[in-house]
Each structure stands twice: as C-alpha cells, then as structure tokens.
1. How much accessible area per residue does the chain have, in Å², with a 1.4 Å probe?
2. Shape verdict for the range 87-155, please, from the Cα gyration tensor: rounded (a/c under 1.5), prolate (a/b greater than b/c) or oblate.
3. Dipole magnitude of the range 165-311 about its Cα centre, charges +1 at Lys/Arg Cβ and -1 at Asp/Glu Cβ only, in debye to the nearest 20?
4. Can you pull a Stokes-Einstein diffusion coefficient for the range 62-117 at 37 °C (0.692 mPa s), Rh from Kirkwood over Cα pairs, as a whole number of µm²/s?
5. Given contacts defined as C-alpha pairs under 8 Å and at least six residues apart, what's the relative contact order of the range 152-231, whole-number percent?
6. Please work out which option in [x] 21.1; [y] 26.1; [z] 18.8 gives mean projected area of the Cα convex hull in nm² calculated from these coordinates, and answer with its label.
7. Using 7 Å Cα-to-Cβ label points, what is the L256/R19 separation (nm, one decimal)?
8. Kindly rank 35-44, 20-29 from highest to lowest mean number of other beta carbons found within 10 Å of each residue.
Amino acid sequence: EYYVPHVELGAVLAGGRSRRHTISAGLEDEIILFDERLILVPSVRVENVFNHLTDPNARSNTASDHQLSAKLGIKARLVGQLYFKGNAYRGFRQPTFTELFGDRGTLVGNPQLSAEKALNFDAGLAYHMPQTDWLSAGYIETTYFRNYVSNLIQFLQTSQFTAKAFNLNKALITGVETVVRATFVDRLTVAANYTFQRAKDTSGTVTDGSYLPGRPKHELAAQIIWREQWLDELATALTAEYRYMSDMFLDTQNLLKVTDRSIVTAGLSVTIFDRVTTSFTARNITNDRTVDTIGYPLPGRSYWGSLSVRL
C-alpha cells in the first residue's frame, strides 16, 4: 500500500511518500460430523506488516508488526431448522490509511497508530422458517457477543471541525444482535436488524468505566422491498428503509454528546431486459438535521438518480 500526499493549494507537506508491505498466509478447514448435524470451521492466519510511514511533520514510523490470529466457528443443528452458531476469535486489525493519514479535511490521521488487538466471542440461535405457499424464505437469528479489545483505534473530536485517530487502552464491548428477514410470495421482502451494545473503557485509568466514543447503545435498521415482474422485459423494485441510532459520546470523558438520529429513505428502480437499470432514491426524507459518529454534520434531504447498463 502507498500513500503519496499532494497539495493543490498551500505549503508543500513535509512528509513524503509512505508505504506499507504485508505478507500473510492462512489455513482453514471445514469438518463435518454426525451426518452434517455439527460443522466445525477452524482457521489460522499469520500476517507480517512492515511500515515505512511519514506524517506531515516528517516524523517516521518504521515499526514492523507480526501477528497470529485464529478462529473456531461452530454450527450445530439442534432440532428441525433450529441451529446453534458460535465463534471464538483471536485477531487484530491494522490501522487503515484513512486512520493513518486522514482525508486532508475533517479527519486527521495519526501515523503512530498501533494495531488493534481483540479476543472475540459470540454465540446465538438461528431458525430457518419452512417454506409455505405464501412464505418463500425467511429466518430469525439472535447472537450474543463479547469482545475484549486493546489498542482500540477510535476517532476522537479534537476541535469543532476535526477528529483524529487515537489508540485507546482497553475496552469491553458486549451486546446482542437480532436479525429477521422474510420474503413473501416472491415479491415482498421484510428485513430488520437491531443491535444493543455496551462499549465500556476498561483501561484502569481515569476514563475507566466510561462509554467509548462513537459507539451508540441502540441501532435499528428496517427495510421493505416490493418487487414486481412485468412479462419478461420489465422488472421494478420499490424500497423503503428506516434507520435509527441512539445518542452517543464524542470523547473519552463522556462530556460531548450527539443526539439520536432517524433516517428515512425511499427509492424506485426499473430494470429493462435484465440489462438497463434506472433508479431514483430520496434519502433523509424527514430532513433530520444530524451528525455522524465523529460529530460532522450529515446531509439533509437529498435526491439521487442512477443509470447502469450491463453489457
């Protein structure tokens, strides 16, 4: 990966070209037992990262990082179409180039970031609905997750208009995610996803017990899609979507907070001969004046159109 800063206006940046080389290898297997009633998926991965990074102040970061990650996934059929699913994962995440260098605007980069490390567990139940004359497909899934994270990478608001990426100490993130999706008579699809999480600082410092910035406690997404096929030449899809995100903090001391937000979207797409698709979408129909997870204002009501041709 390479980063080459270029400034159209203003002084030339002191930092020059940055690069990061990655060499990785992985191994995964699928073990099927008891006539497919139990499936185990173990995997292991080794990744070696060599940094040659320079920030705009000409400070360099040539640290190398060598990480071993491993995961074990389990899927077991309990009875009928009721399944148990679980995962245990030890892994890491290298900072992205946006986190390292920002976007020369609202986001300020930090080339001194270290890799984020995590020990994650999740377990849940999934039920696949049987097909009927009116139900084409559907499932319900509920998962409990518990993640231990160190060197957590997080954007923190540093001024009214900028946010910078930092490594936080340690965090514990627990919660429950529920997903429901069903398709009726091959036309109407209804889907919803709800997540409740408690993301707390566990560093043992002055911020211990505080909520992590940019991590809302409640998130909800619901979508309805109606599809209609007109002979063999014309297909239409009408979509309505609702997204809710509860209030959240912008800083580690939990002093700055942004309010909750609700975004309503609707759209229509038309496909001709499976090759030409035109669509029109209205986003944030209620014109909710809100901000993103780092406090930057989001657009109000907006309209989008597109035309695509498949050759």
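1. 60
2. oblate
3. Values: 16 positive and 15 negative charges, 40 e Å.
So the magnitude is around 200 debye.
4. Working: Rh = 14.6 Å.
Answer from the Stokes-Einstein relation: 225 µm²/s.
5. 27
6. Recomputing mean projected area of the Cα convex hull in nm² here gives the entry labelled [x].
7. My value for the distance between the label points is 3.7 nm.
8. Highest to lowest by the protection proxy: 35-44, 20-29.
The values are calculated or read from the model by the stated rules, or taken from the named source; none is laboratory data. These numbers were taken from a predicted model, which means no experiment stands behind them. Note that we place each Cβ from the backbone using ideal geometry, even for glycine, and neighbour counts take in every protein chain shown. With ligands, DNA and RNA removed, areas are computed over all heavy atoms of the protein, side chains included. Shrake-Rupley method; radii C 1.70, N 1.55, O 1.52, S 1.80 Å.
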